[in-house]
Structures are given as structure tokens and as C-alpha cells.
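Working notes, structure below.
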Amino acid sequence: MASNSNCGALTTRSMTNIWLIGQLQSASKKTRTVQDMLSSPDVASALDRINLSDRKFTVLAAAIAQASGQDIRDTSLSRSTVHRKRQQHRSTIDSSIRQQFQDRDRNPLLVHWDGKIMNDDPHSRTDRLAVVVTGCKVEKILGIVKIASSTGQAQANATFQLLKLWDVSEDIIGMCFDTTAANTGTSSGACVLLEKLLHRNLLHFACRHHVHELIIGEVFTVLFGPSRGPNIGMFERFRANWPNINQSNHKPLDDDRINHSLLQMMRSDIVPSLTCFLSADSSYIPREDYKKLVELCLLVLGYPMQTDGKYHFRVPGAYHMARWMAKVIYCLKMYLFRNEFKLTATETKSLTEFCLFATHIYVPAWMLCPIPSDALVNDLQLASRIEQYSEINKNVASAATKKLKNHLWYLGTEMVWLSLFSNKVANAEKQLIVEAMNAVDSDWSVRGVKYPATELEQVKSKPLHDLVSGTSRAALLSLGMDVAILRETEPDSWNDLPLFQKVANVVKSLKVVNDTAERTVALMTNFNQSITKNETELQKLIQVVEDNRTRIPDSSKRTLASAQAAAAMF
């Protein structure tokens with residue numbers, strides 16, 4: 001009996017101990033809520049990404065602790081503690097990012113830059129320059145730094161210093177830039193000055209989107225007159241009237257010229273091409289506004305994407321005088337709702353002309369801009385279509401041709417070698433290009449003028465191989481391939497050559513639009529004078545945010561779970 005009594009007492013005591021241990025473990029877990037958040041680099045990275053200040057997170061952490069049953073009095077939680085912990089995590093993540101970048105495979109890179117004047121403090125402003133490098137599976141922000149001015153010298157010096165800091169100066173084969181005087185000046189432009197600092201020639205990839213923006217900007221000016229300020233009255237009226245618009249009452253083009261044989265021929269190419277961009281397996285469209293542009297273009301042309309005719313239109317957003325995609329979107333949307341929105345007769349006429357040109361010429365050409373191997377062929381096609389468009393509107397065609405003539409960056413000797421990697425160029429012409437390149441020595445000194453002809457007709461009348469010079473061979477050689485290896489091989493068999501395949505992959509990776517630098521400027525605009533005003537911390541912050549956005553591109557459950565699983569592997 002005593003033994004049974006002792007056994008019962010022991011069992012009761014053991015159960016009590018187990019219960020107490022469980023309670024203590026539970027309490028311990030609860031009391032770790034704030035500490036776990038403060039010690040997590042993932043939490044710190046997410047806080048930086050969503051641009052949450054130390055003070056706001058302190059308040060949020062206290063609320064989370066209270067919801068989880070933790071007594072704030074028993075933990076270390078203050079704005080200064082949060083500030084210190086976030087700085088520590090930021091430094092650790094920044095160091096890891098830099099080390100991983102150094103450990104990558106060394107492939108040829110392009111350097112991109114773009115600048116903007118931003119607030120430096122409540123009473124002053126400063127120039128900032130965003131510098132990015134891109135290549136095969138590489139898109140990396142090097143920094144968004146202050147510069148004394150926006151001159152070519154200041155931009156070249158800042159870019160060079162960042163290239164040296166990240167140890168990539170020897171990997172740079174070319175530059176992508178907007179075609180401003182500060183960049184393209186023959187003696188004091190950032191491009192030539194950066195080449196001098198690097199002691200070698202680089203390939204000049206003028207931003208193809210920027211060139212096309214100049215074209216559509218000139219067309220807009222011809223049709224609507226010069227802008228008199230940062231705001232466009234017609235756009236402002238449309239945005240204000242948006243809540244009153246019946247979104248089911250949108251109408252496509254109904255101009256009589258829509259049945260013109262030229263426009264019918266163009267649409268037979270345009271519609272399948274634009275539809276392809278929107279296909280489910282297409283990764284070509286990098287941003288939501290590109291998709292919106294294509295969808296609106298198809299709606300205006302009378303080809304809705306949804307079989308039930310319904311389409312969700314987004315509220316008209318912001319636009320910028322120097323960025324034309326948003327303004328084209330505005331015009332297409334206003335034209336679709338012309339029966340819902342009061343326009344003058346002159347505005348309606350100008351809007352019709354603008355949308356005719358945008359849908360048949362501009363948008364299709366814009367969407368093809370990022371393909372480097374087809375750049376020369378696409379520009380020749382654009383020039384030809386603009387010339388043909390004079391049958392529809394001579395003034396519009398003349399305005400577009402005027403701008404294109406001054407920006408023939410890809411219709412010259414330095415870029416003709418890109419056609420060797422294009423599926424749009426016939427094999428016979430490729431063979432002639434190879435023969436012409438083999439007939440000259442590699443020679444950057446004959447680089448010549450960036451604009452190969454004052455008259456576009458001079459370029460259009462030439463076969464591609466007539467554009468070849470020593471610079472063409474030198475440009476290809478800068479990617480590590482001498483054209484001589486192609487001499488004894490038919491174009492159909494070039495892909496069997498390992499070196500050709502390697503260089504073809506490099507060509508495919510070339511980002512000939514400067515969107516990446518523009519996105520970096522936009523990122524800096526969001527974070528400037530926000531979480532931190534310390535310049536060193538700001539540069540680390542930019543690295544952390546870029547890394548987080550790369551790892552977690554959206555907020556879907558699938559993406560978040562994938563990121564969590566990837567983090568668990570390390």
C-alpha cells in the first residue's frame with residue numbers, strides 16, 4: 001500500500017513538474033517575441049524595404065508584443081535599441097551582398113547611370129547619380145551618390161570611383177546612357193571622359209527608350225503645341241473627371257483612315273506581336289505599366305484581351321515631362337473615353353492623330369527596344385514605317401523623322417556587328433558582314449561621328465555590310481571574339497561554335513535601355529531623407545532594399561514561402 005501511495009505521489013509530482021516546465025517554456029517563448037524580431041536580419045531587411053522608421057516600428061513591435069502576451073516592462077524595447085539593431089543588421093547584410101557579388105562569375109558588364117536633383121536637407125538640394133551594372137544574370141546597384149554638379153566630368157568621376165570601389169572596372173565593356181549633352185559631348189561628355197579614366201574604348205549604347213521618347217515627344221508638340229509647364233491641362237481635367245466616367249463605355253479607333261491599306265498592313269504585324277508580349281509564358285514585360293501600354297494599344301485598335309469585353313482600367317496616375325510612357329497611356333485612355341470626357345474639337349482631332357501614330361508606329365517600336373541584336377534592323381524598319389506614314393499624316397511623319405535623323409546611334413559602323421546575332425537578318429547578308437569585317441583591321445580610330453549621316457536616306461539606302469569599318473571589328477573583339485572564326489563557317493552552323501554561343505549569350509544580356517538606372521533613381525526618390533540622413537547608412541540601405549526586392553519580388557504567398565524556404569537552406 002505504501003509503495004502504491006509513493007508511486008501515486010511521484011506520478012502526481014511528475015505531472016506537476018511537466019506542467020510547470022510547459023508553462024515556463026510557453027512563457028519563455030512569449031517573452032522572446034520582441035527579441036526575436038530585433039535579432040532577425042529578415043525583419044530588419046523587410047523594415048528597410050517598406051520604408052518604416054525606427055519610431056514607427058517601435059510602436060508596432062510594442063503592439064505585437066502585447067498581442068502575443070509579452071510584458072513590455074520585461075524586455076528591452078526603445079527607439080534607440082531598434083535603431084542600433086537595424087544598423088547592425090544593415091551592415092551585416094551589406095557586407096554579405098558585397099562579398100557575394102565579388103564571388104560571382106566574372107562576365108562582361110555594361111555600366112548605366114542616370115541623375116536627378118533631390119533634397120539634401122530642408123533648405124538645400126543636391127545632384128545625385130545612380131550607377132548600375134548589368135550583364136548575364138547581373139543587375140547591381142553600385143551606389144546613388146551625391147555629385148557636385150551634373151556635368152559630364154562629375155558624372156564620369158563618380159561612376160569611375162564606384163566601379164573601382166566594387167572592383168568591376170575591368171569587366172566593363174560598354175555604357176548605356178541617355179542622349180543628353182552632358183553624356184554625349186565629344187570633349188567633355190561623361191562617355192568620353194569615362195573612357196579616358198578607364199584607359200580604353202567602350203561600346204556606346206544610347207538608351208533606345210530615350211531616343212524613342214524624343215520621337216514621340218516631338219510628335220506630341222506638333223499636335224498639341226509646346227508645353228507651358230510641368231502639368232498638362234488636358235491630363236489634369238481627365239484625372240479630375242475619372243470618378244464620373246463609365247468605364248464600360250470605351251470606344252476603339254473610328255477614323256476613316258483605319259481602313260487605309262498601309263494601316264491594315266501594319267496591324268497585321270502589330271496585333272500578333274503585341275498579343276505575344278502578353279502571353280502567359282512571356283517574361284519580356286518587366287513592369288506593370290508596359291503591360292498596361294500594350295493592353296490599351298490593343299483596345300484602341302479594337303482588339304480587346306477579354307472575350308467578355310470587360311477590362312479593368314486603373315485610375316490615371318502621375319506623369320513626368322521627361323517620361324513619355326505615362327503620357328502615351330494617358331492619351332490612349334482619353335481617346336477610349338472620348339464620349340465620356342468633354343474634349344474640344346481641336347483636342348479630339350489632335351488626340352486622334354496622336355493615337356493613330358502611337359498605336360501603329362510608336363508602341364510596337366517601343367516594345368522592341370530592349371532587344372540588342374535586332375536594334376539596327378528595327379531602327380531601319382522604324383525609319384521606313386515613319387516614311388510610309390506620311391501617307392496618313394505628313395506633319396507627324398516629318399516631326400518623327402526629324403528626331404530620328406539626329407539619333408542614328410545604332411545605324412552605324414559601331415553597332416553593325418550586332419546583326420550577326422539577329423534572327424531578322426538573312427544569312428547571306430550576315431556572310432557579307434563577316435567578309436567585310438575580315439577585310440579590315442581592328443581600329444577604334446575610325447570610330448567617326450556618332451551620327452553616321454545627316455540624311456537618313458544615306459543610311460537607309462546602304463546594305464548592312466557597307467556600314468562595316470575597323471571599328472566594327474574592334475567592337476566585336478571587345479566581347480572576346482574575333483570575326484575571323486566565322487570566316488570558314490556558314491551562319492547556320494555558327495551556334496555550333498562554343499565561342500559564338502558564349503558571345504551570343506553576352507549580346508542577349510546587353511541592356512540597351514536605361515530603365516534600370518531610372519528605376520534606381522525612383523528608388524532613391526522614395527528613400528531620400530526618409531529612414532536615415534546618414535550618407536553611409538543610406539548607401540547600405542539601398543543595398544539592403546535592392547537585395548530584398550530581388551529575393552522577394554512580390555507579396556504573394558507562393559513567393560513568400562519560396563523565399564522562406566531559400567533562407568532556411570543557408
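For residues that are under 13 Å from ARG549 (Cα atoms) and in contact (Cβ under 8 Å) with a residue 40 or more places away in the chain, scanning just the stretch 31-56, find the one that is surrounded by the most Cβ atoms within 10 Å (Cβ to Cβ).
So, considering only residues that are under 13 Å from ARG549 (Cα atoms) and in contact (Cβ under 8 Å) with a residue 40 or more places away in the chain, the one surrounded by the most Cβ atoms within 10 Å (Cβ to Cβ) is ASP48.
Scan the stretch 361-408 for residues that are within 20 Å of ALA326 (Cβ to Cβ) and not aliphatic (A, V, I, L, M) and report the count. Give the steps one after another, and end with the answer.
Going through the stretch 361-408, the residues within 20 Å of ALA326 (Cβ to Cβ) turn out to be 361-370, 400, 403.
This time we only want the ones that are not aliphatic (A, V, I, L, M), so: 362, 364, 366, 369-370, 403.
Count: 6.
Just a yes or no: is a residue in the stretch 129-144 among the charged types (D, E, K, R) and closer than 30 Å to ILE215 by Cβ? Outline the logic, then answer.
Restricting attention to the stretch 129-144, the residues satisfying the condition of being among the charged types (D, E, K, R) are 137, 139-140.
So of that shortlist, the ones also closer than 30 Å to ILE215 by Cβ come out as 139.
Yes; the residues of the stretch 129-144 include at least one that is among the charged types (D, E, K, R) and closer than 30 Å to ILE215 by Cβ.
Restricting to the stretch 159-169, what's the tally of residues that are farther than 11 Å from TRP113 by Cβ and either surrounded by fewer than 17 Cβ atoms within 10 Å (Cβ to Cβ) or touching a residue at least 40 places away in the same chain (Cβ under 8 Å) (or both)?
Summing the residues that are farther than 11 Å from TRP113 by Cβ and either surrounded by fewer than 17 Cβ atoms within 10 Å (Cβ to Cβ) or touching a residue at least 40 places away in the same chain (Cβ under 8 Å) (or both) in the stretch 159-169 gives 6.
Among ASP94, ASP114, ASP121, ASP74, which is the only one that is more than 30 Å from PRO372 (Cβ to Cβ), among the acidic types (Asp, Glu) and in contact with a Ser or Thr (Cβ under 9 Å, 6 or more places away or on another chain)?
Unique residue meeting the criteria: ASP74.
Look at ASP482 and say whether it is of a type in the set (Asp, Glu) and touching a Pro at 6+ places or on another chain (Cβ under 8 Å).
Considered against the rule, which asks whether it is of a type in the set (Asp, Glu) and touching a Pro at 6+ places or on another chain (Cβ under 8 Å), ASP482 comes out as no.
Scan GLY189, GLY135, GLY225, GLY185 and give me the residue that is among the small types (Gly, Ala, Ser) and touching a strand residue (DSSP E or B) at 6+ places or on another chain (Cβ under 6 Å). Let's see the steps before the verdict.
Values: GLY189 fails: touching a strand residue (DSSP E or B) at 6+ places or on another chain (Cβ under 6 Å); GLY225 fails: touching a strand residue (DSSP E or B) at 6+ places or on another chain (Cβ under 6 Å); GLY185 fails: touching a strand residue (DSSP E or B) at 6+ places or on another chain (Cβ under 6 Å).
One residue alone meets the criteria, GLY135.
Find all pairs meeting these conditions: Cβ atoms under 6 angstrom apart; at least six residues apart or on different chains; first residue within the stretch 388-406 and in contact (Cβ under 8 Å) with a residue 24 or more places away in the chain and among the polar types (S, T, N, Q); second residue surrounded by 18 or more Cβ atoms within 10 Å (Cβ to Cβ) and not in a loop (DSSP other than H, G, I, E, B).
ASN393/GLU353; ASN395/VAL222; THR401/ILE386
Within the stretch 413-427, is there a residue that is surrounded by fewer than 20 Cβ atoms within 10 Å (Cβ to Cβ), in a helix (DSSP H, G or I), modelled with pLDDT under 95 and over 25 Å from the mean Cα position of the chain (by Cα)?
No; the residues of the stretch 413-427 include none that is surrounded by fewer than 20 Cβ atoms within 10 Å (Cβ to Cβ), in a helix (DSSP H, G or I), modelled with pLDDT under 95 and over 25 Å from the mean Cα position of the chain (by Cα).
Find the helices (runs of 4 or more DSSP H) located wholly in the stretch 448-559 whose residues include 3 or more that are surrounded by 15 or more Cβ atoms within 10 Å (Cβ to Cβ) and either charged (D, E, K, R) or modelled with pLDDT of 95 or more (or both), and list them.
470-477, 498-509, 515-527, 535-551
Consider only pairs whose beta carbons are under 8 Å apart and that are at least six residues apart or on different chains; among these, list those whose first residue lies in the stretch 228-257 and is at negative phi and whose second residue is of a type in the set (S, T, N, Q) and in a helix (DSSP H, G or I).
So the pair list comes out as LEU253/THR352; LEU253/THR359; ASP255/THR352.
Is there a residue being aromatic (Phe, Trp, Tyr) and buried (at least 18 other Cβ atoms within 10 Å of the Cβ) anywhere in the stretch 378-398?
Within the stretch 378-398, the subset aromatic (Phe, Trp, Tyr) is 389.
Now narrow it down to the ones that are buried (at least 18 other Cβ atoms within 10 Å of the Cβ): 389.
There is at least one residue in the stretch 378-398 that is aromatic (Phe, Trp, Tyr) and buried (at least 18 other Cβ atoms within 10 Å of the Cβ).
Can you find, within the stretch 106-158, the residue that is surrounded by the most Cβ atoms within 10 Å (Cβ to Cβ) among those that are in contact with a helix residue (DSSP H, G or I) (Cβ under 7 Å, 6 or more places away or on another chain) and of a type in the set (D, E, K, R)?
For the stretch 106-158, the residue satisfying everything is ASP114.
Return a yes/no flag: does the stretch 354-362 have any residue that is crowded, with 22+ Cβ neighbours inside 10 Å, among the β-branched types (Val, Ile, Thr) and within 25 Å of GLU288 (Cβ to Cβ).
yes
The values are calculated or read from the model by the stated rules, or taken from the named source; none is laboratory data. This structure is a prediction, so every number in the text was calculated from the model and none was measured. Neighbour counts are summed over all protein chains in view; Cβ atoms, including those assigned to glycine, are modelled from backbone coordinates with ideal geometry.
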